[in-house]
1. Might you let me know whether segment B:45-67 holds any residue that is at pLDDT 85 or above, in contact with a helix residue (DSSP H, G or I) (Cβ under 7 Å, 6 or more places away or on another chain) and at the interface with chain A (Cβ under 9 Å from one of its Cβ atoms)?
2. Given (1) without any contact (Cβ under 8 Å) to a residue 40 or more places away in the chain; (2) part of a helix (DSSP H, G or I), identify the lone condition not met by A:Val158.
3. Going through segment A:455-510 one residue at a time, which ones are under 16 Å from A:Arg50 (Cα atoms) and within 21 Å of the chain's Cα centre (by Cα)?
4. Restricted to segment A:311-347, and to residues that are out of contact with any helix residue (DSSP H, G or I) (no Cβ under 7 Å at 6 or more places or on another chain) and basic (Lys, Arg), which residue is farthest from A:Thr486 (Cα to Cα)?
5. Against the definition (within 13 Å of another protein chain (Cβ to nearest Cβ), within 22 Å of A:Val195 (Cβ to Cβ) and modelled with pLDDT under 85), how does B:Phe85 come out, yes or no?
6. Looking at this structure, is A:Val263 crowded, with 19+ Cβ neighbours inside 10 Å and aliphatic (A, V, I, L, M)?
7. Within the set of pairs 6+ apart or on separate chains, which have a first residue in segment B:14-28 that is within 10 Å of another protein chain (Cβ to nearest Cβ) and within 18 Å of A:Phe171 (Cα to Cα), a second that is crowded, with 21+ Cβ neighbours inside 10 Å and of a type outside the set (A, V, I, L, M, F, W, C), and C-beta atoms under 6 Å apart?
8. Please work out if A:Phe174 is surrounded by fewer than 22 Cβ atoms within 10 Å (Cβ to Cβ), within 12 Å of chain B (Cβ to nearest Cβ), assigned to a helix (DSSP H, G or I) and out of contact with any Asp or Glu (no Cβ under 8 Å at 6 or more places or on another chain).
Amino acid sequence: MSKGFRQSQAQLHTWSGLLLGWVLFVVFATGTIAFWREPLNRWMRPELARVEDPAGVLHGAQAFLEGSAGDATTWFITLPGVQAPGAQVFWIPRPTTGGAPARGPRDTQAMIGADGTAVAARDTRGGEFFYRFHFDLYYMPVIYARWLVGIAAMFMLVAILSGIVTHKKIFRDFFTLRRAKGQRSWLDGHNATAVLGLPFHLMMTYTGLVTLMAMLMPWATVANYDDEAKLFDALFPHVEAVPRSGTPAPLVDLRPLVRDAEVRLGGPAGFVEVSEPGDAAARVTVSRAPGSMLDSRAPKVTYDGVTGRPIWTSPVPRAAARTAGVMVGLHAGRYGDLLIRWLYFLGGVAGTVMVASGLVLWTVKRREKLPDPARPHVGFRLVERLNVAVVGGFPFAVACFFWANRLLPPAMESRAAWEVHCLFMAWVAATLLATTARPARAWAALLGATGALLALIPLHNIAFTARGIFASIAAGDWMPVGADLTFLVFGAAFLAVARRVARFRPAGRRPRRTVAPTNALLAEPAE
Amino acid sequence: MTALGFLAAIGAFAMFALSTDAHALARLHVRPTGHVRRRRRAAAWVLVAVAFAAIVAGRGWVYGPILWVGAIMAAAAIVFLSLNFLPAAPGTARGKQRSGVLAGSGPASPPADRDRGYDRRRGVDPRPGPADRTG
């Protein structure tokens, strides 16, 4: 009985892990990188100075918006945190009745730099790319992407739970790693990364599903709310909109309002929304910074935009909304200080390695049982090549993305989009290599190239940007230093794995590929 | 307080590891008796509790428990990596025996260690664990 149950769980684990494993790998990898979303936003614009005076930036943002977008219906200002490159502002232009076509989205946003003026930095999506890709993917309608990611997350939950049953010995063998033992080593590595990060993996998968729950399982909302707008009112309370009066009135200075809001909200402010600026009916809504609280749904306070008098405060969320908010907050990890961020990041690395090693394990295990190892069947070859293309190819593509950020000319037309195109072109190239070259060769080439590309970025920064590692140390600016050191460590790890793979000679009579690099894998590969 | 909690968590996992035969042999060159093993495991659990108390005291009830879980994972990873990748002290006679045990080809454990010995589980486990070999 028990054996039958475990066997069935083993099959469930194998197939739920394999089928969407490649999607999971990419989602895990980008999600892990996205924990550094804000630092990457800054790191990918090395020409920007560090923000020292957030209030001055806010004042500059207001001045800029009054000058460039005085007739907009709404302004949005993201207040800069310590790691942000500046205040991101965007606005909704007033719809023109007939005549001129609406302006493109690029014309309605700007970055206010540390000196309080709009900056002319290179056009890049920065860390936002990884954040969006994590659940929206790319080149496809968002709704399909979210369904795909949501289904992959469900498979992941199934794979984790069945994996606990399947590998139940992992808890007893906790500290075991048998190195250079082929399938054993892969299994030990897979287990170690899974068990060490188990609370993290479970939490991430489950809360990740919670972020998509209204889409994946709409029945509860359909049953309780006949009108979707009412649901959103209940979940995201906001002040009643006031129609434009048509009487011009100057907007109050935002700085004292934000200071007052920080006292009322009990924490630093993160976001300012101004509706109908320059009108007598103007409203200013300040939300608390998501980085200062566990609940991802920040409380808000709204002021009259002319008198500066507070007129509305968001109600205390009820239990269900708060639970969902806390789960989303746990998932995104925005509440965390640097220590928590690093723990999240390392947990994500462990999860990425877990998925990767599980995928490779599928082939390692089956290779030994192949009737004719020289000519494996189609399914085996497909999985083997896909592993190279995704597990080897995607980190390579990410490394190329960072290089594109450094090398594409700053004045290039739609440069931000081309950075992303570079990522996908590199990925296509890696896939072509994976389908044509022998897998052992392709593994070594891709891992080695990834390692070299990552390790060389800090050198490029020293030579060609003002944020090289030494200049940043001298300035006491630790964010770029940490980023460059992380690139170096990952580059070295990839090179070490590539070296193991390249030197590996299959032992015994059966030809096997890439058996050994478990220890280097654990040392931390995989973006 | 937080740093203290992390240290306690690392100590806890070191204790857990040293209550297994393989790692006790590798690091201390002594096979722990049942009594010693139980004491080490008890000490480990106490340290887990100390880590919780210290981190909650340092970070409060909202973030403390989260950080404690993170500390447990990080400590386990640190102990895991150092046990498997730091070279053990030069082998004594018993230390050499350990390498055989780890490879699964060492002499069978005395009956007292049956439940924790690597050799029994890995080498001569009578039941073929199907799931255990599954990726």
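1. Going residue by residue through segment B:45-67, those that are at pLDDT 85 or above are B:45-61, B:63-67.
With in contact with a helix residue (DSSP H, G or I) (Cβ under 7 Å, 6 or more places away or on another chain) added as a condition, the list becomes B:47-48, B:50-52, B:54-56, B:58-59, B:64-65, B:67.
Now restrict to residues that are at the interface with chain A (Cβ under 9 Å from one of its Cβ atoms): B:67.
Yes: segment B:45-67 contains one or more residues that are at pLDDT 85 or above, in contact with a helix residue (DSSP H, G or I) (Cβ under 7 Å, 6 or more places away or on another chain) and at the interface with chain A (Cβ under 9 Å from one of its Cβ atoms).
2. The number of the failed condition is (1).
3. Within segment A:455-510, A:Met479, A:Pro480, A:Val481, A:Gly482, A:Ala483 meet the criteria.
4. A:Arg318
5. On the way: within 13 Å of another protein chain (Cβ to nearest Cβ): yes; within 22 Å of A:Val195 (Cβ to Cβ): yes; modelled with pLDDT under 85: yes.
Taking the combined requirement at face value, the residue satisfies it.
6. Details: crowded, with 19+ Cβ neighbours inside 10 Å: no; aliphatic (A, V, I, L, M): yes.
Against the criterion (crowded, with 19+ Cβ neighbours inside 10 Å and aliphatic (A, V, I, L, M)), A:Val263 does not qualify.
7. Between residues of segment B:14-28 that are within 10 Å of another protein chain (Cβ to nearest Cβ) and within 18 Å of A:Phe171 (Cα to Cα) and residues that are crowded, with 21+ Cβ neighbours inside 10 Å and of a type outside the set (A, V, I, L, M, F, W, C), the close pairs are B:Ala17/B:His23; B:Ala22/B:Tyr118.
8. Numbers: surrounded by fewer than 22 Cβ atoms within 10 Å (Cβ to Cβ): yes; within 12 Å of chain B (Cβ to nearest Cβ): yes; assigned to a helix (DSSP H, G or I): no; out of contact with any Asp or Glu (no Cβ under 8 Å at 6 or more places or on another chain): yes.
So A:Phe174 fails the test.
The values are calculated or read from the model by the stated rules, or taken from the named source; none is laboratory data. Remember, predicted model here, so these are calculated numbers, not experimental data. All Cβ positions, glycine included, derive from the backbone under ideal geometry; neighbour counts span all protein chains shown.
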